[in-house]
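Notes follow the structure.
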Amino acid sequence: AAGMAAPTMEERKACWGARDEFWQCLDSHGDDASKCEKLRRAFEARCPQQWVKHFDKRRDFLKYKKKLETEGYHPPEAAGKS
């Protein structure tokens, strides 16, 4: 696929829809990806690969942020003990 064309609005909507369904599935199954394989495949099929990578990173970041907000920041024990 030389020179990936920018997705049309329809394609973007399909991609975001697939992503949202996949993420909702993960949320309701405590991030058990094996329960959401079908949705994961739809997500990968409907989104450009770069986007899939970006959204995966984004989800990790959002989960991390939420964890910080709910649990507070706990620096790793080993930090600063050189």
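A few points about this structure:
- Across the stretch 34-47, coupling constants 3J(HN,Hα) worked out from phi with the 6.51/-1.76/1.60 Karplus curve, θ = phi - 60°, read 5, 6, 10, 4, 4, 5, 4, 5, 5, 4, 5, 6, 8, 10 Hz, and Gly and Pro carry x.
- Residue-averaged 222 nm ellipticity for the chain, from DSSP H runs of 4+ at -39500 (n - 2.57), nearest 500: -22000 deg cm²/dmol
- A Förster distance of 25 Å, applied to the separation of the beta-carbon atoms of Y64 and E21, puts the FRET efficiency at 0.70.
- Rounded FRET efficiency, nearest 0.05, which uses the C-beta distance separating E10 from K57 and R0 of 25 Å: 0.50
- Most fluctuating residue given options E11, E69, E21, as computed from a GNM of the chain linking Cα atoms under 10 Å: E69
- Whole-number D in µm²/s for the chain (Stokes-Einstein; Kirkwood sum over Cα pairs; 4 °C, 1.567 mPa s): 88
No value in this document is a laboratory result; all are computed from the given coordinates. Remember, predicted model here, so these are calculated numbers, not experimental data. Reconstructed Cβ throughout: ideal geometry from the backbone, glycine too, with neighbour counts over all protein chains shown.
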